[in-house]
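The structure appears below as structure tokens.
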Amino acid sequence: MADVLLQDLWFHRVEGAVIEDVVCDGEFVVVQARASADRAVCPACGTTSARVHSRYVRRLADSAVGGRPVVIELRVRRFRCRQGACPQKTFAEQVEGLTFQHGRRSAGLQSVLERLGRSVSCWRRTCGCPPR
């Protein structure tokens, strides 16, 4: 039951990730998760691959909980592209709704920061402050 609750709290809009553990590590909350898809699509050519090249842990900043910063430690895989002519020999899997290419934040936190930046930008244009 607790596992289902944790899954709903952090990844309620994410289909491709599974929470394995949540650890309160001093000042941080660390969510340990893994990608759950059995294959991934090459971003260069669109070919689907199930051939795993390697694995690594990707650390993503996420929205704070209870005043504590959250770090998602997501185990992801690098896949080999099956298309021989593709310039991208290997590629890392992305979890839709959670990761984006080269991102160090969760997609949710990135969205919040982008909206905040746009609102501050709009406010500065209408408040009459001289531009910097």
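The values are calculated or read from the model by the stated rules, or taken from the named source; none is laboratory data. Quick caveat, the model's predicted, so the values are computed rather than measured. Remember, those area values only see protein heavy atoms, side chains included, never the ligands or the DNA or RNA. Shrake-Rupley method; radii C 1.70, N 1.55, O 1.52, S 1.80 Å.
Per-residue SASA remark: residue 71, around 30 Å² accessible (1.4 Å probe; ligands, DNA and RNA not included). Each eigenvalue of the Cα gyration tensor of segment 60-117, multiplied by 5 and square-rooted, gives one semi-axis; in descending order these are 30, 13, 7 Å. Remark: the residue 36-residue 21 segment gains 3.9 nm on full extension, using 0.36 nm per residue and subtracting the alpha carbon distance.
Of all the C-alpha pairs in segment 11-82, what % are more than 20 Å from each other? Everything past 20 Å amounts to 39 percent. Per-residue SASA remark: residue 73, around 50 Å² accessible (1.4 Å probe; ligands, DNA and RNA not included).
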